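Participant: Quick one: the structure is below, questions incoming.
The values are calculated or read from the model by the stated rules, or taken from the named source; none is laboratory data. Because the structure is a prediction, the values reported are computed rather than measured. Note that we place each Cβ from the backbone using ideal geometry, even for glycine, and neighbour counts take in every protein chain shown.
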Amino acid sequence: MQEDSFLIKQVLNGDNEAYDILMKRYEKKVFNLSLRILGNYEDAADATQEAFIRAYKSLKTFRNDSKFSTWVCRIVTNVSYDFLRKRKKVTIVSIHTDNDDNRRDIDIPDTDVSSNPADSVTRDELRKAIVEAIASLEPAHRDIIVLRDIKGFSYKEIGDQLNIAEGTVKSRLNRARIKVSKILKNSGELLPPLLRQTK
């Protein structure tokens, strides 16, 4: 089997058939990753196609110090998350932060926070606040919190997808959760009382 690096060189030299080989080699893996993020076959197919298009256009920027499959998986993760933002249907039931000294949960209710319309926060507003908070993270943190807290990937699965150690996954996830927690608390006017009281 031809190495990815060889095929990439062929593509850069104008051999589009070499790119077809790369696509067929990783299409299933990329599609399954997108499907786990989006939960919708049609959207996952579109995201997969878009990811390979972006990868092709950016192939000159690819560095051989990482795996092509890892690079494409990162692209499809970003594309899939863009799809989620457009759909605005992301629901996170719980985001928590933890460290050696402390652990605290921030529960995002799946029902109305209050029976009083004047005090309640709509689910759409809550989702929007969460999506915007996660979107503001740097890619390395955003990818991990989406894969772990939204889609439920294991630490090992995330590590395999992003080609990093499980310990790195955990440390980045913890930092990402802390950042999201701070962003949500700073948006107190959009959040239910239980979030405003979290310290």
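Participant: Show the residue pairs meeting these rules: Cβ distance below 9 Å; 6+ apart or different chains; first residue within the range 69-92 and under 15 Å from Leu147 (Cβ atoms) and at pLDDT below 85; second residue surrounded by 15 or more Cβ atoms within 10 Å (Cβ to Cβ) and of a type in the set (Lys, Arg).
Facilitator: Tyr81/Arg142; Val90/Arg127; Ile92/Arg127
Participant: Could you grab me the full set of residues in the range 1-46 that are charged (D, E, K, R), surrounded by 15 or more Cβ atoms within 10 Å (Cβ to Cβ) and over 12 Å from Ser69 (Cα atoms)?
Facilitator: Those that are charged (D, E, K, R), surrounded by 15 or more Cβ atoms within 10 Å (Cβ to Cβ) and over 12 Å from Ser69 (Cα atoms): Arg36, Asp43, Asp46.
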